[in-house]
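Below you'll find the structure, written out as C-alpha cells, and then a few comments.
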Amino acid sequence: MISILFGILISIVILEVIFRILPVRDSLLPLPVNSSNPVIRFTENRDVVWSQGPTFSIVTRKHVNNYGFLSNRDYFSSEDTPLLAIIGDSYVEAAQVANRDSLHGILSRQAENEGRVYSFGASGSPLSTYLAYANYARNEFNANAFVFIVVGNDFDESLIKYKSAPGFHYFSDTADGLKLIRKDYQPTLVKRLSRRSALIRYLAFNMNLSWRSIGTMFHNDADDADKMFVGNTRADADEVRISDSKRAVDRFLEELPVQSGVGKEKILFVVDGMRPHLYNPSALQEARGSYFDLMRNDFITKARNAGYEVVDMQPIFIDRHQAEGTRFEFLSDGHWNEAGHALVAETIKDSIVYQGLFAK
C-alpha cells in the first residue's frame, strides 16, 4: 500500500514538473471584491501566461498593470488628460491576444499624444457589472467618456436570477423594481494554494475539468446536446428569458447616467455581431430570431432612441469578410482575434464620442 501511494506521489511530482515547463494557463489571481474593492481586479504588477485548451492552441503572454487590469500601461488617478474608459467582459480583458493587439492597446497608442485610454473588464461581467466599472472609472480616474462592449451573454446574466457567481454586480428583483447589488468574493485558502500548482491549473483551466463537467461524462443529456448557440449564448428565446433580459436593458440604460457621471453624448456602445453565422447568408438567416438576435436589436433600438451613439459590428464584420475573407475569431475560441480587435478599434476611432474627446 505504501509503495502504491509513493508511486502515485512520484507520478504527481513528475507531472507537476512537466506542466511547469509547458505553457499552462496562469491564474489571474482575482482580488477580493467587497466594499473597499467594489469591482473585480487582479493581483497587480504581474506577467502571466494565458493558454487555451489541452493542446495550447492559443498562447499569449499578458501583463497585469498597477491597478490589476490587463494592460501594458499603468493607470494614474492624478493625471488630468482626457480619459476614455473602455468597459466590458472577456472581450475587454482580451486574454486571447497580446495586450498591444487588444482594441484598447491599439487605441491607447493612437491616442497617446491627445489623452489616455484605460480598459476595465473581467471575464464574466454582464451589463450590471459594467455599471460598477463605470462608477469606479468615474470616481477613481474621473473618466471623460466611455465605450461599452456589448456581447451575447450580457443581458440575462445581469440578473441574479440567471447568474450568481461571486465578484460581480447583478440586478435583483425588489418591491421597487430591479436593484443593483454586489455579490462579494473572497478566495478560499484551498483555491489560493491550488492556483500555485501547474498540474491543477492545467486540469481546471486548460482541460476545463470541474465536478460538474466530470459528472456530465457519466450521463448523456440530450437537451444540452441539442442546444444551439448564437453569439456565444444559448439561442433559445423563451418568453420569460427575453422579458427578463429586456427589463435588465431598461434598468441598465436608466442607471448608466448616474453611475458614469457623463452625458449621453460621451457614451458609445459597440455591439458584437452574430459570429460565426454572419459569414454565411444562410447561416445568418438561421440565426434570425435567436436570443442574441432579438436582444441585439432590442438593445440597439433602445440605446439609440435614448440618445446614445451605437456601433453595430455585424454589418461591419460582414463587409470586411466579403471584401477580404477575414474572420474575426479563433478556430478554437469564439472571442475576437487580432483582426477582430483591430477592426473594432478602427471603428471606435471613427466614432463621434472618440473624435469629440480626442479632437486635435
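The values are calculated or read from the model by the stated rules, or taken from the named source; none is laboratory data. Quick caveat, the model's predicted, so the values are computed rather than measured. Heads up, the Cβs are rebuilt from the backbone with ideal geometry, glycines too, and the neighbour counts pull from every protein chain shown.
Flag: PHE19 matches the condition of being closer than 20 Å to LEU193 by Cα and assigned to a helix (DSSP H, G or I). Against the test of being touching a strand residue (DSSP E or B) at 6+ places or on another chain (Cβ under 9 Å), touching a residue at least 24 places away in the same chain (Cβ under 8 Å) and surrounded by fewer than 18 Cβ atoms within 10 Å (Cβ to Cβ), the options ILE318, ILE352, ILE348 yield a single qualifying residue, ILE352. Looking across VAL270, VAL344, one residue alone is assigned to a strand (DSSP E or B) and at pLDDT 95 or above. It is VAL270.
Cβ-Cβ distances below 6 Å connect the following pairs, each with a first residue in segment 295-306 that is part of a helix (DSSP H, G or I), a second residue that is among the small types (Gly, Ala, Ser), and a separation of six or more residues or different chains: MET295/SER245. When restricted to residues that are within 18 Å of GLU79 (Cα to Cα) and touching a residue at least 60 places away in the same chain (Cβ under 8 Å), segment 111-133 contains 4. Out of LEU83, LEU103, one residue alone is within 27 Å of PHE358 (Cβ to Cβ), of a type in the set (A, V, I, L, M), within 18 Å of the chain's Cα centre (by Cα) and crowded, with 20+ Cβ neighbours inside 10 Å. It is LEU103. Selection of first residues in segment 274-291 that are of a type in the set (Asp, Glu) and of second residues that are buried (at least 20 other Cβ atoms within 10 Å of the Cβ) and assigned to a helix (DSSP H, G or I), restricted to Cβ pairs under 8 Å at least 6 apart or on distinct chains, gives the following pairs, ordered by first then second residue: GLU286/HIS277.
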